[in-house]
Structures are given as C-alpha cells and as structure tokens.
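First comes the structure, then the notes that go with it.
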C-alpha cells in the first residue's frame, strides 16, 4: 500500500513539474532555416503548440509560391530564370493553361513539394473575342454593319469596304408559290409549297453577295494572326432582314493556336512541355 501511495505521489510531482516546465518561456536561440519552427507544450491541457517563425528569417527556407502570367514570351523568360533539373512544364488543352512546377519530383527517390509554380493563362485577342461574341447570331442590318465597321481591320477577303457595302445595301426578296393537286384515282389531295429567296447588294443591285468571307485575327495575345473563314447567313422574318455569320470551327482555331504556344515554349525552354494536368502540390511547409 505504501509503495502504491509513493508511486502515485511521485507521479503527481512529476506531472506538476512537467506542467511547470511547459508553462515556462522557451530559452532564446538564434533562428536559422533548420530551426525556425518552435514546438512546445502549453500549460493546463498540455496541448502542443507549433509556431513557424520563418517570416523572421532573412529569407524563406525554400522557394515556393505561384506566379500568374498572360504572355507566352514572358512566361518562357520567367521559367528559364527559375528552372532547375526538377522543373516540369505541363500544358492543359482543356483549360488553355500552361503550368511550370519548379520543385517537382527529381526522380523516383527524391520527392519535391510541387508548390513553387508559374501559370500561363492565355488571353483571347480583343478582335477574336468580338467575332466570337456575335458568332451564329442574326442581327438587323444596321447592327451588322456597325459590327463590320468596328472590326474592318480584320476583314481580308472580300475586303472590308466591299463587305461593308454588302451589309449596308443588302436586299433580299422572298417569292413563294402554292399549288394544289388531286389524284383522280384515289381522290387524295396533294399540297405543294415552294419558296425561293434571292439576295443582291449594291446601289444598283449588281453587287454579288458572297457566301463566305475571311477574317484574319490572332486567337490569343502574343500570336500571329491567322485566316478564319466565316459563312454569311441571313433570314427574313416578318418582312425584316437579319444578317449574321458562322465562324468555321472556332474551337479548332483555338486548339491549333494553343498547340502552337506549346511548341513555341518547348523550343524556347529547350525542354518537353507535357500535355495534361500538372500534379497537385503536397503540404504547407
């Protein structure tokens, strides 16, 4: 019984001493990259408290963070500046983004945190965005003419002046005929409706209305302009003329342009640009 009491008393004394030690302030020491994290036991509930004092160091313990760029050439310059043997570059064709991970895994044994990165988020050219905005939209004659006038510098074939004249002087006429026929052998009645729409343009109505026209635009900032075909579309509704256009495969135009960016970066970085999603980062520190 005496031994049990003695052991219990010793345990209580040891516990009190441990609490007293935990509540005392830590001894001063010099911060360095290897000892910038302080771990101590708080008084009362003896909860562990972890304090990261890295911000008090002259410089971070290691590089990390994210940079966001919108110009492919600037992205290449930035990546070359910080690139190491552990750097990997990933091109995401779905999101139209390129990610450089500076501290990726070096090999199968040396892991990296993957939290030091640079993003390239390509930006659509203003002219291309304007053409996309009204793609497959029928407009009244005046609105269509204003749109052509605003983007006249991108219209290349026919030239902008011709297309603007077409828009301003466009005339359409719809002729319809209705016929009724009866089969004598069966008595069935057959109805037929034929409709023909003709279009012309020009002050004298002699200007040919093109079925399609070409614009020359850069899909993304930092790229060379490329020709894109647009089919002219028009309709008559309740006696009013509506004109519009339909771009040929704008999705393919952007996909091709992004592929050019990927190839350009691979050449400038002299490293492969992998097609896919960049691996996720791991932890905080």
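The values are calculated or read from the model by the stated rules, or taken from the named source; none is laboratory data. For clarity, every value in this text was computed on a predicted model and none was experimentally measured. For neighbour counting, all protein chains shown are included, and Cβ atoms are generated from backbone atoms with ideal geometry for every residue, glycine included.
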Determine whether segment 72-82 contains at least one residue that is assigned to a loop (DSSP other than H, G, I, E, B), on the phi < 0 side of the Ramachandran plot and under 26 Å from the mean Cα position of the chain (by Cα). no
Filter result (in contact (Cβ under 8 Å) with a residue 60 or more places away in the chain and more than 18 Å from residue 157 (Cβ to Cβ)) within segment 224-242: 234, 235, 236, 240, 241, 242
Out of (1) outside the structural domain of residue 239 (by TED's automatic domain parsing); (2) in contact with a strand residue (DSSP E or B) (Cβ under 9 Å, 6 or more places away or on another chain); (3) surrounded by fewer than 17 Cβ atoms within 10 Å (Cβ to Cβ), the one residue 94 does not meet is (2)
Can you tell me how many residues in segment 223-246 are surrounded by fewer than 18 Cβ atoms within 10 Å (Cβ to Cβ) and within 27 Å of residue 69 (Cα to Cα)? 4
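Yes/no per residue for (1) modelled with pLDDT of 95 or more; (2) at negative phi; (3) loosely packed, with under 13 Cβ neighbours inside 10 Å; (4) touching a strand residue (DSSP E or B) at 6+ places or on another chain (Cβ under 6 Å):
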residue	(1), (2), (3), (4)
182	no, yes, yes, yes
194	no, yes, yes, yes
205	no, no, yes, no
275	yes, yes, yes, yes
284	no, yes, yes, no
Is it the case that segment 122-137 has a residue that's farther than 30 Å from residue 233 by Cα and either assigned by TED's automatic domain parsing to the domain that holds residue 247 or not in a strand (DSSP E or B) (or both)? yes
Just wondering, is there one or more residues in segment 247-256 that are in a loop (DSSP other than H, G, I, E, B), modelled with pLDDT of 50 or more and not assigned by TED's automatic domain parsing to the domain that holds residue 76? yes
I need the full set of residues from segment 62-76 which are without any contact (Cβ under 8 Å) to a residue 60 or more places away in the chain and surrounded by 12 or more Cβ atoms within 10 Å (Cβ to Cβ), in order please. 62, 63, 64, 67, 69, 74
Which of the residues spanning segment 124-137 are surrounded by 14 or more Cβ atoms within 10 Å (Cβ to Cβ) and touching a residue at least 24 places away in the same chain (Cβ under 8 Å)? 124, 125, 127, 128, 131, 132, 134, 137
